[in-house]
1. List the strands (runs of 3 or more DSSP E) that sit entirely inside the range 148-221 and contain at least 3 residues that are in contact (Cβ under 8 Å) with a residue 60 or more places away in the chain and of a type outside the set (Ser, Thr, Tyr).
2. Hey, among Val203, Val181, which residue is more than 18 Å from Lys59 (Cβ to Cβ) and surrounded by fewer than 16 Cβ atoms within 10 Å (Cβ to Cβ)?
3. Given Glu405, Glu432, which one is outside the structural domain of Asn378 (by TED's automatic domain parsing), in a strand (DSSP E or B) and either modelled with pLDDT under 80 or more than 29 Å from Pro342 (Cα to Cα) (or both)?
4. For the range 437-515, please list each of the strands (runs of 3 or more DSSP E) lying entirely inside it that holds at least 1 residues being farther than 18 Å from Leu333 by Cβ and not assigned by TED's automatic domain parsing to the domain that holds Ser321.
5. Looking for something farther than 19 Å from Gln297 by Cβ, modelled with pLDDT under 90 and not assigned by TED's automatic domain parsing to the domain that holds Asp364 - is there at least one such residue anywhere in the range 190-211?
6. For residues that are in contact with a helix residue (DSSP H, G or I) (Cβ under 9 Å, 6 or more places away or on another chain), under 12 Å from Val452 (Cα atoms) and aliphatic (A, V, I, L, M), tally how many sit in the range 464-482.
7. Can you work out which of the residues in the range 329-340 that are out of contact with any helix residue (DSSP H, G or I) (no Cβ under 7 Å at 6 or more places or on another chain) and in a strand (DSSP E or B) is surrounded by the fewest Cβ atoms within 10 Å (Cβ to Cβ)?
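The values are calculated or read from the model by the stated rules, or taken from the named source; none is laboratory data. Not measured: the values here are computed from a predicted model. As a convention, Cβ positions derive from the backbone with ideal geometry for all residues, glycine included, and neighbour counts pool all protein chains shown.
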Amino acid sequence: MSSEFFRGRKWFATVFLGAALAATAIYGATTGFGHETPTVKVSARSEASAGRGYSAVVKRVVPAVVNISTSKVVKQQTGFEGGDEQGQGQIPQGLEPFFRQFFGDQGGGDQGGHGNGPRSRMPRERAEKALGSGVIISPEGYILTNNHVVDGATSVVVTLHDKREFKARVIGTDPRTDIAVIKIDGTSAFPALTLGDSSKVEVGDVVLAIGDPFGVGQTVTQGIVSAIGRSGLGIEQVEDFIQTDAAINPGNSGGALVDDEGHLVGINTAILAGNSGGNQGIGFAIPVNMARNDMDQIVAHGKVEHGYIGILPQDVTPALSKAFNAKDTNGALVGEVTPNSPAAKANLKQGDIIVAINGEAVTDANQLRMKIGMMAPNTTATMKVMRNGQSQDIAVTLGEYPSKEASAGIGRQHGDSNSAVPDKSLEGVSVENITPETAQDLKLPASTAGVVVSEVSPASRAADAGLKPGDVIQQVNHQSVANTHDFSAALGKSGKDDSVLLLVNRDGSTIFMAV
């Protein structure tokens, strides 16, 4: 063979050997058989990147947000031995009682016992523990939280972010707004949050929710303000919530809702939960301005005193606005005036529409309740009132809100002597005279005048307006009615296609209703 052939084979072998060695080196580097050090890119977080987050805000805020552990002794009825304990053992431990309902707890407890036969129900005491959150708002150790977190507690323990524990004492509570103030004592100043101004919070603002959900440890979630002035939810007696989509879960109650600068704007208090019992992106916080008003009164007096006027206000719907010849739907309609109340003494009347208080506009009934509730007893409030289309100012000296509210229940209606209503606007409605038996069923005073609604067709205009069986109609188009004869006569004075304004007594309280 020629020398060229061997030179070619030698060149091929050299190339092949070099390629094999290179492959072996690469394989060894990737599998650990080689001695080469792998090259890994590591990058430190830039200052610009850090500036886009909220870590700096969180570092300032979290030391002032605490865990609250409570315990109390509750009495329960023990059941029969071997009773059903469905759902027991499936509820996360440590949940505050307010949230246990979301996990199927209806107040049941340990139903076990000893012996072989059934036992009668008898009271039994047990210890109940719960977890919540709180916010330190002064270096002296005053803490804002929810009333339902500490309500009835015999022991309250506060755990700080640095794991220090303190026994706390309850300074005072306000069940109407669900605010409580507790205090811890130490030898040095405590970290405290700066209070913001919740009146300046707007929909779309970025907020952080901080608390101790499910007892897993301090947690921070981020979202935006979804709505402000939320009310009518039936969560508290006084409602003016900030709504947020920042995740709020059981255990977050009493925790902080802060803005993007770390200022406290709300106290997290409730969630709308589905079957999971957890966050659904709809959480509610008490505005810090309301919480601060409560705190100032609790620290000064040990309790909160709310202003009281003595009326039942309602929103002005388009139908009611037309019925009262109002310019628009702004204001709060006086549906009832309590006898001997501040409103009665000031000559406020049923049918008045309150459109302003002390020069500030009133848009609806909830805003009126909020404005009055934030004022102190014995304060004079000047009401701008629309009465019969005319504006007038009425000065009302507020009283103190009663500690207990009276209410009347509704029973079932009886009787066959129904009277059909011959008016198109109330077509599908039947009424009857109030008899002693009916009054007893409805728990009405014997002196109550009017006619009882015995039937309302679901497809009627009256049903759409909210009229229900058991309602007592006391006025038709401002004309008092004492019986079915008066009722029919009053309806006969209105056009068959006109709307009818009714004054309705429901559950012992009166409201206007336009049908």
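1. On the way: elements: 155-159, 165-167, 169-174, 179-183, 206-211.
Those strands (runs of 3 or more DSSP E) span 155-159, 169-174, 179-183, 206-211.
2. Working: Val181 fails: surrounded by fewer than 16 Cβ atoms within 10 Å (Cβ to Cβ).
Testing whether each residue is more than 18 Å from Lys59 (Cβ to Cβ) and surrounded by fewer than 16 Cβ atoms within 10 Å (Cβ to Cβ) leaves just Val203.
3. Working: Glu405 fails: in a strand (DSSP E or B).
When all the criteria are applied, what remains is Glu432.
4. On the way: elements: 451-456, 472-476, 501-506, 509-514.
Once the strands (runs of 3 or more DSSP E) in the range 437-515 are filtered for at least 1 residues that are farther than 18 Å from Leu333 by Cβ and not assigned by TED's automatic domain parsing to the domain that holds Ser321, what remains is 451-456, 472-476.
5. Yes: one or more hits.
6. The qualifying residues number 4.
7. We begin by selecting, within the range 329-340, every residue out of contact with any helix residue (DSSP H, G or I) (no Cβ under 7 Å at 6 or more places or on another chain); these are 330-331, 334-336, 339-340.
Adding the requirement that they be in a strand (DSSP E or B) leaves 334-336.
Details: Val334: 26, Gly335: 22, Glu336: 19.
Looking at residues that are out of contact with any helix residue (DSSP H, G or I) (no Cβ under 7 Å at 6 or more places or on another chain) and in a strand (DSSP E or B), I get Glu336.
Yes or no, residue by residue, for (1) outside any helix (DSSP H, G or I); (2) touching a helix residue (DSSP H, G or I) at 6+ places or on another chain (Cβ under 7 Å); (3) modelled with pLDDT under 90; (4) closer than 23 Å to Val181 by Cβ:
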residue	(1), (2), (3), (4)
Val265	yes, yes, no, yes
Ser276	yes, no, yes, no
Gln280	yes, no, yes, no
Asn289	no, yes, no, yes
Asp294	no, no, no, yes
Glu305	yes, yes, yes, yes
